[in-house]
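Peer 1: One structure follows; several queries about it will come next.
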Amino acid sequence: MKKCLFLIPTSYNDGKEIPSDVMSEIFDELFAECGPYSVTGITQGIWELKDGTRVKDNSLTVWTVIDDEKVAILKKLIKKFARILKQEAVYFEVTDWTGEFIRPE
């Protein structure tokens, strides 16, 4: 199992907020392809565009735990999200996961 963490920006690079229907479609597709996920809050950062312009951004921090073979599927999905959201890149992190989901008795 792998824990995957990535950032989804809340606005386009021009500062315009990403419409809620676009965000809903992204998260619906994420769930359909990878199953459960968590959004742990907003991360603030600065990105430098290819032309040298610095852009302040707010991004949703999203993580999920998936089978190893789904990592490639998630990466492909994030590439699609980057295109839809007009991003030059999206942060993506993969780590080995040794946790567990504890169910009630």
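The values are calculated or read from the model by the stated rules, or taken from the named source; none is laboratory data. Values in this document were obtained by computation on a predicted structure and should not be read as measured data. A quick note on method: Cβ atoms are made from the backbone with ideal geometry, for glycine too, and the neighbour counts reach across all protein chains shown.
Peer 1: Is it true that A82 is among the small types (G, A, S), within 10 Å of the chain's Cα centre (by Cα) and at pLDDT 95 or above?
Peer 2: yes
Peer 1: Right, next: Considering only residues that are polar (S, T, N, Q) and either free of Cβ contacts under 8 Å to residues at least 40 places away in the same chain or assigned to a loop (DSSP other than H, G, I, E, B) (or both), which ones fall in the range 1-19?
Peer 2: T10, N13, listed by residue number.
Peer 1: Which of (1) exposed (fewer than 11 other Cβ atoms within 10 Å of the Cβ); (2) in contact with a Lys or Arg (Cβ under 8 Å, 6 or more places away or on another chain); (3) of a type in the set (V, I, T) is the odd one out, the single condition T53 does not satisfy?
Peer 2: (2)
Peer 1: Exactly one condition in (1) part of a helix (DSSP H, G or I); (2) closer than 17 Å to K2 by Cβ; (3) free of Cβ contacts under 8 Å to residues at least 24 places away in the same chain is not met by E100; state its number.
Peer 2: (1)
Peer 1: Is there a residue being among the polar types (S, T, N, Q) and either assigned to a helix (DSSP H, G or I) or touching a residue at least 60 places away in the same chain (Cβ under 8 Å) (or both) anywhere in the range 50-61?
Peer 2: Taking every residue of the range 50-61 in turn, none turns out to be among the polar types (S, T, N, Q) and either assigned to a helix (DSSP H, G or I) or touching a residue at least 60 places away in the same chain (Cβ under 8 Å) (or both).
Peer 1: Does K75 qualify as being closer than 30 Å to G15 by Cβ, part of a helix (DSSP H, G or I) and charged (D, E, K, R)?
Peer 2: Yes: the conditions hold for K75.
Peer 1: Is there a residue being hydroxyl-bearing (S, T, Y), touching a residue at least 12 places away in the same chain (Cβ under 8 Å), under 30 Å from E100 (Cβ atoms) and surrounded by 12 or more Cβ atoms within 10 Å (Cβ to Cβ) anywhere in the range 24-43?
Peer 2: Yes, the range 24-43 has at least one match.
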